[in-house]
Every structure is written in structure tokens, then in C-alpha cells.
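The values are calculated or read from the model by the stated rules, or taken from the named source; none is laboratory data. As the structure is a prediction and not an experimental result, all values here were calculated from the model. Backbone-built Cβ (ideal geometry, glycine too); neighbour counts: all protein chains shown. Please note that ligands, DNA and RNA were not included when accessible areas were found on the heavy atoms of the full protein model with its side chains. Shrake-Rupley method; radii C 1.70, N 1.55, O 1.52, S 1.80 Å.
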Amino acid sequence: MKRLQDIAKARGNMSAADMYADGHLTPEQSRKMISTIIEKNQFLQKITIDKTKKLQKTFDIWSLASGILVRVNPGNKPTSAQREKLGVGSVKLDNKVVQLWASITQDTLEDNADNPKFETETFAEFDKAFSNDLQNLGMIGEKDDYAGDAFKNLNKGWFTLAKENSDVVKLEHKKVSKMIDKLSAVVKASNEDVLTQSVILISQSDYLAYQQEIGGRSGGLSILLNSGANHILGVPLEVASFVPKGKFLMTPLKNLIMSVGLDIRRTRWYDVEESCLKYKFEVYNDYQLAVGKWAVLSEENDADSDGDGI
């Protein structure tokens, strides 16, 4: 594949065919690209990342599990209760293709003909776009069938997975309820085994509402000035981009899994009609919760004003 700077310097000496390139990245190139994507996103750096050569696989989570030691005497088989503990060791992943389409205009190519960092800067932007959208999909993804060509249907994200997981503790709260009450209920329902490792994923909007609520209480101003309003009952509030407003997910961050396939395909071609160089990247990815019982999900439900919601 010719370098971008060579194409930028060509000024018409190269044909569209010269600019075409199609192929799979090597495993080493793929690992580097995935690592760069993660490095550009503070949130993704905190969760569990799986780099895999397979589309469907069983991902081992032994390093995340706790309380799984058992004692089986020689000649005996594990009991049902013991087998349940042993089952904590893995989750299934089903990586599905997502694509990034990007273009570089002819004007941009000409402006960067003498820029030795042009290729590095360009691919850094591609990696940043991937990084943002992979986190976005992990937060708002609802289905994995791409129904209606909707972004949210490319894959199921962590909030949807938590809602569908029978082991996850599920709460409902009213929109008008105080933020302190909503968040306190989440903490009180959490699994004590991982309480000290857990955070509450919260949107920027809900976090600001919590700040305002704290600031309006007696002594609240001093708490805000000392950055003390970023916890609830000792549990950190993890403000992350794309978290749905009105939803809270409490879990250890390492309990959130994002899988990315090492089979990454990159295609490049020149569009004569649009006078731009175009790229298509194909990546396979999936999301999963490692241990369902380590998570608490709270969602708004104002359908029944007389219900038992918080």
C-alpha cells in the first residue's frame, strides 16, 4: 500500500488504480491498531479488552472471579452448587462486523504534500473515531441485528446485556425522585463481594443534577469545593460519555468486557467523481458482562406513579 504522503505528492501523476489497496492487517498490525484505539479512550482503558482471532469464542474470566474455590474429595464429582461456582470461569462472545467509512479530500491531500506526519495524524483520527463509537455502542447498543440500519442495533451494549441478564439486580426509580435516593438504592442493592471495587456508571447530565442537589443541602457548598460529590456512600461515580440519561449501572469496571477481532480489513480507493481518497475499515466486536451478579441496573419507570419505584 502506497503511503499517504506519496499520494499527496503525486499531483496527478498517479491513477485511481495506483491508490487502490485492499487487504487484511497482519495480527501484529491489528494488535497495534486495537491498542491505539484503547489508548485514545480513558474509559476503554479501565475495562476488560479481549483481542481475539475468532468470531465466536468462550472468554475466560478466572482473573475476575472470586469465591470459586471448592473441595472435591478423590473419587467424587462436584456437586451442583460447586459446579455453579466453577461456571463463573467463562462467558460467550459473538463478534459481529462494524465498519468505519472515511474520506480525505483532494484539497487536504494537496495541503499535506510536505507534511511528514500526515499519515500518522490521519490514522490517529481514524483510531479516535473508532474509539468513540465503540464506547458509544457499548453504552447504548440495544440489538445485534442492525435493524433499520440504526447504530444502536449494531450490537448489544452493557446496559442492554445487564437488563437481559437474570443474575443482575434490577431496580426502578421515578424521574422525579431525588438523585441521592436513586443512587443510594443502587449501592444498597450491590453485591458485597465486589462493593469496594465497584463504580456507578452515570451520565454527565445526571451527575450534574447530583451536584446541584448536594450543593443545595446544608454544608453542600464545602463538599462541592472539596470535590467530595463524586461518590455516593463511598462508591465512586464514573461519569462516562454516552451513558443513557436516567440509567445507572453499578459494577466493577473490569466486569465490562469488550471484544475486538484481530481480523481487521482495510480498503482504500480514489473516488474520481468526488475527488477524494476513501477508506473502509472492517472490525469485528462484541460486548459482555463477566459476572451478572456483580452488577446492579436502575432505570426510570414513571408509568405507574403509585408503584414501588424509588
Taking segment 167-203 as the search range and keeping residues that are under 18 Å from I257 (Cβ atoms) and of a type outside the set (D, E), which one is surrounded by the fewest Cβ atoms within 10 Å (Cβ to Cβ)?
Q197
If W294 passes every condition in (1) open to solvent by 20 Å² or more (accessible area, probe 1.4 Å); (2) touching an Asp or Glu at 6+ places or on another chain (Cβ under 8 Å); (3) at pLDDT below 95 but one, which one does it miss?
(1)
Just one of (1) surrounded by fewer than 16 Cβ atoms within 10 Å (Cβ to Cβ); (2) out of contact with any helix residue (DSSP H, G or I) (no Cβ under 7 Å at 6 or more places or on another chain); (3) under 16 Å from C276 (Cβ atoms) trips up F126, so point out which.
(1)
Can you tell me how many residues in segment 141-166 are farther than 18 Å from G292 by Cα and open to solvent by 30 Å² or more (accessible area, probe 1.4 Å)?
10
